[in-house]
Amino acid sequence: MSHSSLSPSVPLGNTKQGEHMTVRDFFERYGVALGVASVLMLVIAALPGNVSERAGVDASLGQGRDPLDGDFASGVDVGDALEGDGGLDGGVAADDTVASGTASLPGSFGSDGAAAPGTATGPADTGAPAGTSAVTFGTGPQCDSNGRQLGVSGYMPPCVEWGGGDNGGATTRGVTATTIKVAIWQGQEDPATRQVLAGAKLNDTPPVVERMYESLRSYFNNHYQTYGREVVFETVTASGESTSDAAMKADAVKIADEVGAFAVFTGNALAPIPTVLASELARRGVICICTTSLSSQFYQEHPPLIWSSLPTINEYAAHSAEYAAKRLGRDNAAYAGPLIRNQKRVYCLMIVVGTGTTVDAQGPRGRDIVVDAYEKRGLSFAKVVQYFYAPGQNQDDITNMIGQLKSANCTTIVPVVDPIMPILITKEATKQAYFPEWYVMGTGLSDTTTIARFYDQQQWEHAFGISPLWVTWDRVENSAGYHEYHHGVGGTGNKGDEGALINVYRAGFQTLWTGIHMAGPNLTNATFEQGMYAYPKTGGDPANPLVFRNRAFPTEVKDFSEIYYDPTLVGPDERSENGAGMIVRVDAGKRYNAGEWPQSPPSRANAVTVTAQQGNNTDHAADGHTHDTKCLSCGG
């Protein structure tokens, strides 16, 4: 979902009869809260994404499941596929450790390493050229004590020994013997919105972002193996608004045919790559580091070139349904307000299905996936209400939606939401003296302290559930992005130079360079894909989610933790801003894979909010924090 087309002059609805509310009016009325939520929503690109198959508005909001029904089958059965790993092992070694040994690339990553079906248009990948060197993972001068590449993050890939020599030269589009071309797509944004968000400390000026990108490029080129090739950037400015399918298709053609890029990611957190552009790039054979929390089916419908971080909606739904069935069931709604908490649980689903008056295909698809996951666990929703992202425009719809939930005696609402609308929705629930349980599954940033502080606190004190996120850092100086940035600029940067969104931007770098590193010297779309699947399972502790990838679930995070919200606690949010209200993680942030949730009532024991430990690689060599070479193996 992209909202970068909104401008201060666009009427968003009526404050009084005949009086239009503009975006600026809405910011002023709801304050910094909207600014914080807005930029984070754009950064994370919350569900649903904009896709080329847009449905017309053919139903009123909140009328249950039928009005927006599509023929979207739930497809992959996550509950079965991921329980006990289901044979979907994304790692090199069965015991989850990094195994030493020689991997002749491409094609020797084990049963999960074979290229998945799906043919991308555009230049065909070549086979391994004569003279291309095999590489050995788990040994070499750049290894730490765990067999990982020396670097800041705990997610560094297995170290690799490569003696140089022939890397195959121009193995595919955008790749030569000395460079890998990556397009940085600059989407359009609204200057007034940028100004407002700067006041909320959630924005970076173009010069800061440019410096950030160059510093991170320097760091990643010199800490991941790129086999004698320097990753170089070329900026592509969007030809139109993100909501224009024609403009996004034109941009995809330019990136693939004119720029000739191997891969692409966004250069602007306020205008992330929309799903239409991602789809068109994949069809043209360009790797896209983009999209968030779309369905597993979406990724399987496209060539295996779209990579992301947070789970698919299938995984959110499977974990949420399992937790509800095992830990909540039809017991009393113990976390609701006093008028409800002695009632047996009645589950109801609230889900965003589009923007303005336009239904997104991923909206009803996600709805069906969640409904099916709950029905499989023997739980059904007494009411399904759907809404459109239209802040300031649809207050009557919000009032109606809360009224329907209250009338249906819903005790436990499962919100699949964007970050902004719940600000208005929770205020309306309080206005109607309706205080249900809010059983969050982690979508739309509902599991972050930053956003939770802007919801109606009388409502959100009844919020609890699950989250794919980690126990966050107590200070941003303990984050990977902070250290990578200051390492990359040669250690001369001052605190704050890294920008407010450094840890948002660096995520795409880690994904891209991991694939290049794991692909070996013969870099093609196929070896990049194989390398991503071969990356060993990493993490699984409170500060570091379990990460691995496979064709069914090419996104990274696979496990969840148990959370609740306490409006009385004081501490730092994800930006290190102190305030009241904290997301709390149960049992010291213990994480669960699908199939592992305990069959017992929820507990709030041994709770934590932040940590000073972020899984950074303590063996990282203090190499002077200067890099005089174009890449780790580029020479002088």
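Cβ contacts < 6 Å: first residue over 20 Å from residue 278 (Cβ atoms) and open to solvent by 10 Å² or more (accessible area, probe 1.4 Å), restricted to the range 161-187; second residue modelled with pLDDT of 95 or more and not in a loop (DSSP other than H, G, I, E, B), any location; separation 6+ or different chain. Result?
179/230; 179/232
Give 228, 169 a once-over and let me know the one that is farther than 21 Å from residue 290 by Cα, at pLDDT 95 or above and in contact with a Ser or Thr (Cβ under 6 Å, 6 or more places away or on another chain).
On the way: 169 fails: in contact with a Ser or Thr (Cβ under 6 Å, 6 or more places away or on another chain).
It is 228.
Regarding the range 190-202, can at least one residue be identified that is at pLDDT 80 or above and more than 16 Å from residue 221 (Cα to Cα)? Steps first, answer last, please.
If we filter the range 190-202 for residues that are at pLDDT 80 or above, which is where we start, we get none.
Checked the range 190-202: no residue is at pLDDT 80 or above and more than 16 Å from residue 221 (Cα to Cα).
Do we find a residue being buried (at least 21 other Cβ atoms within 10 Å of the Cβ), part of a helix (DSSP H, G or I) and more than 22 Å from the chain's Cα centre (by Cα) anywhere in the range 502-511?
No - not one qualifying residue is present in the range 502-511.
So which pairs qualify, if the first residue must be in the range 579-606 and open to solvent by 50 Å² or more (accessible area, probe 1.4 Å), the second must be hydrophobic (A, V, I, L, M, F, W, C), the Cβ gap must be under 6 Å, and the two must be at least 6 apart or on different chains?
Qualifying pairs under 6 Å: 580/570; 604/586; 606/588.
Can you name the residue in the range 371-408 that is in a loop (DSSP other than H, G, I, E, B) and farther than 18 Å from residue 346 by Cβ and is also modelled with the lowest pLDDT among such residues?
Initial filter on the range 371-408 (in a loop (DSSP other than H, G, I, E, B)): 377-382, 390-394, 408.
Keeping just the survivors that are farther than 18 Å from residue 346 by Cβ gives 390-394.
On the way: 390: 82, 391: 75, 392: 72, 393: 79, 394: 83.
That would be 392.
Taking the condition open to solvent by less than 40 Å² (accessible area, probe 1.4 Å) and either more than 24 Å from residue 504 (Cα to Cα) or in a loop (DSSP other than H, G, I, E, B) (or both), does residue 549 pass?
Details: open to solvent by less than 40 Å² (accessible area, probe 1.4 Å): yes; either more than 24 Å from residue 504 (Cα to Cα) or in a loop (DSSP other than H, G, I, E, B) (or both): yes.
For residue 549, the condition - open to solvent by less than 40 Å² (accessible area, probe 1.4 Å) and either more than 24 Å from residue 504 (Cα to Cα) or in a loop (DSSP other than H, G, I, E, B) (or both) - is met.
Name the residues in the range 214-246 that are among the charged types (D, E, K, R) and within 21 Å of residue 524 (Cα to Cα), would you?
Taking the range 214-246 first, the residues among the charged types (D, E, K, R) are 214, 217, 229-230, 234, 241, 245.
Selection gives 217, 229, 230, 234.
Could you please give the count of residues in the range 433-449 that are acidic (Asp, Glu), outside any loop (DSSP other than H, G, I, E, B) and under 20 Å from the mean Cα position of the chain (by Cα)?
Our first condition is that a residue be acidic (Asp, Glu); within the range 433-449, this holds for 437, 447.
The next check asks that each one be outside any loop (DSSP other than H, G, I, E, B); those that pass are 437.
If we keep only those that are under 20 Å from the mean Cα position of the chain (by Cα) too, we end up with none.
Summing the residues that are acidic (Asp, Glu), outside any loop (DSSP other than H, G, I, E, B) and under 20 Å from the mean Cα position of the chain (by Cα) in the range 433-449 gives 0.
Given the criterion open to solvent by 10 Å² or more (accessible area, probe 1.4 Å) and aliphatic (A, V, I, L, M), identify the matching residue among 526, 534, 519.
The match here is 526.
Conditions first: (1) touching a Gly at 6+ places or on another chain (Cβ under 7 Å); (2) crowded, with 22+ Cβ neighbours inside 10 Å; (3) more than 26 Å from residue 631 (Cα to Cα). Residue 457 passes all but one, so which condition is the exception?
Status for residue 457: all satisfied but (2).
Can you list residue pairs whose Cβ atoms sit under 8 Å apart, with the first residue in the range 440-464 being on the phi > 0 side of the Ramachandran plot and the second being among the polar types (S, T, N, Q) and modelled with pLDDT of 95 or more? Count only pairs 6 or more apart in sequence or on different chains.
442/467
Residues being in a strand (DSSP E or B) and touching a helix residue (DSSP H, G or I) at 6+ places or on another chain (Cβ under 6 Å): count how many of those fall in the range 558-580.
Restricting attention to the range 558-580, the residues satisfying the condition of being in a strand (DSSP E or B) are 560-572, 578-580.
Within this subset, residues satisfying the condition of being touching a helix residue (DSSP H, G or I) at 6+ places or on another chain (Cβ under 6 Å) are 560-561, 565, 567.
Number of matching residues: 4.
Tally time: how many residues in the range 471-488 are part of a loop (DSSP other than H, G, I, E, B) and buried (at least 21 other Cβ atoms within 10 Å of the Cβ)? Outline the logic, then answer.
Taking the range 471-488 first, the residues part of a loop (DSSP other than H, G, I, E, B) are 471, 474-475, 479.
This time we only want the ones that are buried (at least 21 other Cβ atoms within 10 Å of the Cβ), so: 471, 479.
Summing the residues that are part of a loop (DSSP other than H, G, I, E, B) and buried (at least 21 other Cβ atoms within 10 Å of the Cβ) in the range 471-488 gives 2.
Are any residues in the range 409-420 more than 23 Å from the chain's Cα centre (by Cα) and not in a strand (DSSP E or B), and if so, which ones?
Residues satisfying the conditions are 409, 410, 411.
Under 7 Å between Cβ atoms, which residue pairs at least 6 apart in sequence (or on different chains) link something in the range 330-344 that is within 22 Å of residue 377 (Cβ to Cβ) with a partner that is part of a loop (DSSP other than H, G, I, E, B) and of a type in the set (A, V, I, L, M, F, W, C)?
From residues that are within 22 Å of residue 377 (Cβ to Cβ), the pairs are 333/340; 336/435; 343/333.
What's the total number of residues in the range 312-370 that are open to solvent by 10 Å² or more (accessible area, probe 1.4 Å), in a strand (DSSP E or B) and closer than 11 Å to residue 411 by Cα?
Qualifying residue count for the region: 2.
Filter the range 239-261 for residues that are more than 22 Å from the chain's Cα centre (by Cα), buried (at least 21 other Cβ atoms within 10 Å of the Cβ) and outside any helix (DSSP H, G or I) and give the result.
Result: 261, single match.
Is it the case that some residue within the range 295-309 is surrounded by 23 or more Cβ atoms within 10 Å (Cβ to Cβ), more than 30 Å from residue 410 (Cβ to Cβ) and small (Gly, Ala, Ser)?
Yes, the range 295-309 contains a residue that is surrounded by 23 or more Cβ atoms within 10 Å (Cβ to Cβ), more than 30 Å from residue 410 (Cβ to Cβ) and small (Gly, Ala, Ser).
The values are calculated or read from the model by the stated rules, or taken from the named source; none is laboratory data. Model, not experiment: these values are computed from the prediction. Note that we place each Cβ from the backbone using ideal geometry, even for glycine, and neighbour counts take in every protein chain shown. We work out accessible area using only protein heavy atoms, side chains counted, and drop any ligands, DNA or RNA first. Shrake-Rupley method; radii C 1.70, N 1.55, O 1.52, S 1.80 Å.
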